[in-house]
Amino acid sequence: MSTADSDRLAWALLARAARGPSRPLFELVGSVGVVEAAAVLLRGGLPDPVLRSRVEFSGGFEAAAHDLERIERLGGRLVTPDDGEWPSELLSCLPSGSQNPGDVAPLALWVRGARSLREVTARAIAVTGSRASSGYGDRIATEFAEDLSGRRWTVVSGAGFGIDARAHGGALAAGRATVAILPCGLDVAYPSAHRQLLDEIAASGVVVSEYPPGARPHRYALLDRNRLIAALSAAAVTVEASVRSGSASTLRWAQRLGRPGFAVPGPVTSVTSAGCHRFIADGLAQLVTCADDVIDGLSQPRTESASLLVPESGPAPGTVVP
């Protein structure tokens with residue numbers, strides 16, 4: 001086995017053991033390298049008992065090799081920090097100095113699609129919102145995605161019902177690539193009704209996950225996905241959302257990473273726009289009504305005062321239910 005193959009197998013093992021963001025493994029790799037980190041993990045040398053238990057039940061290198069085979073059969077690949085398509089500039093902004101165990105870059109990413117992850121996210125904007133969207137929200141999300149795509153921006157979203165699906169659909173209708181971030185293995189269509197949509201996204205863009213093949217979605221994976229959506233985008237736009245929505249988490253992550261957040265207003269009587277109105281009022285998002293507003297907002301200098309407008313009592317990234 002070549003050195004490159006050994007490294008990739010080690011990355012696959014670590015990704016399987018971590019099942020999402022993992023500060024202990026992230027720091028271990030930084031300290032001893034990926035191959036030795038995998039060896040330490042298999043020897044039970046990590047003090048974290050949860051990680052040790054995952055390795056005990058993971059099947060070791062045999063299961064990691066099986067993951068690589070499964071992703072290859074899907075037409076996908078494991079992208080690691082050793083690869084040229086790793087979006088290092090975007091992911092390096094994740095706060096590695098934080099003590100929150102989930103505040104780190106992914107160890108590796110499982111990717112399915114026709115485009116290079118690095119290239120397709122070089123000019124990307126997240127468009128997210130309510131799963132229970134209204135006709136107004138559907139139309140606005142589609143228009144924003146089409147217009148941003150027409151200006152050569154890649155739309156990033158979560159492939160969920162409602163606004164996510166409309167955002168991806170708008171980008172596809174414009175003939176442009178779009179990026180879907182999943183909270184599960186790439187062989188698990190989530191939601192299942194969007195299997196065809198995910199195939200269409202992969203045909204011209206990419207579908208991405210931190211989770212190995214076979215992993216099922218769960219609450220924390222949904223929350224961690226919001227951090228990736230923000231990290232892989234230059235800005236985040238919310239079209240319809242409740243106050244305690246996944247979009248709130250995405251916007252807070254964008255702010256934390258120094259990236260602008262935007263929200264589209266709606267009727268004052270609309271429950272689905274209540275979150276957007278709150279985000280704007282609290283300074284978490286700038287009001288926008290069209291794609292040009294978003295692009296203009298990207299050119300505005302960011303100031304530290306923006307973060308001071310967000311109440312300290314507000315939920316931290318990763319603490320709201322999507």
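FYI, it's all coordinate maths here, none of it is from the lab. Here the structure is a predicted model, which means the values were calculated and not measured. Note that we place each Cβ from the backbone using ideal geometry, even for glycine, and neighbour counts take in every protein chain shown.
What to note about this one:
- Other residues with beta-carbon under 11 Å from the beta-carbon of Ala248 carry, at +1 per Lys or Arg and -1 per Asp or Glu, a net charge of +2.
- Between the stretch 212-274 and the stretch 1-19, the C-alpha centres lie 31 angstrom from each other.
- Considering only Ala126, Gln255, Tyr220, the residue lying farthest towards the positive end of the dipole of the chain is Tyr220, judged by Cα position with unit charges set on Cβ.
- Computed from backbone phi with θ = phi - 60° and the Karplus coefficients 6.51, -1.76 and 1.60, the 3J(HN,Hα) list for the stretch 123-128 is 10, 9, 9, 7, 10, 9 Hz; x is used for glycine and proline.
- Counting beta carbons within 10 Å around each of Tyr220, Tyr190 and listing the fewest first gives the order Tyr220, Tyr190.
- Shape class of the stretch 117-308 from the alpha-carbon gyration tensor: rounded, with the ratio a/c of largest to smallest axis under 1.5.
- Least to most buried among Asp282, Asp292 (fewest other Cβ within 10 Å first): Asp292, Asp282
- Listed by Cβ neighbour count within 10 Å, with the fewest neighbours leading, Cys93, Cys276 appear as Cys93, Cys276.
- Assuming charge only on the beta carbon of Lys and Arg (+1) and of Asp and Glu (-1), the dipole of the stretch 117-308 about its Cα centre is about 440 debye to the nearest 20.
- Dipole size of the chain about its Cα centre, with +1 on Lys/Arg Cβ and -1 on Asp/Glu Cβ: approximately 480 debye, rounded to the nearest 20.
- Taking every DSSP helix (H) stretch of at least 4 residues in the chain, weighting each as -39,500 (n - 2.57) and dividing the sum by the residue count yields a mean residue ellipticity at 222 nm of -13500 deg cm²/dmol.
- Nearest-ten-degree value, helix 3-18 long axis tilted from longest Cα axis of the chain: 60 degrees
- Helix 23-32 and the longest principal axis of the C-alpha atoms of the chain enclose an angle of approximately 50°.
- Taking GluC sites (Glu not before Pro) as exposed when their DSSP state is a loop state and no more than 11 other Cβ atoms lie within 10 Å, the longest site-free interval of the chain runs over 1-303.
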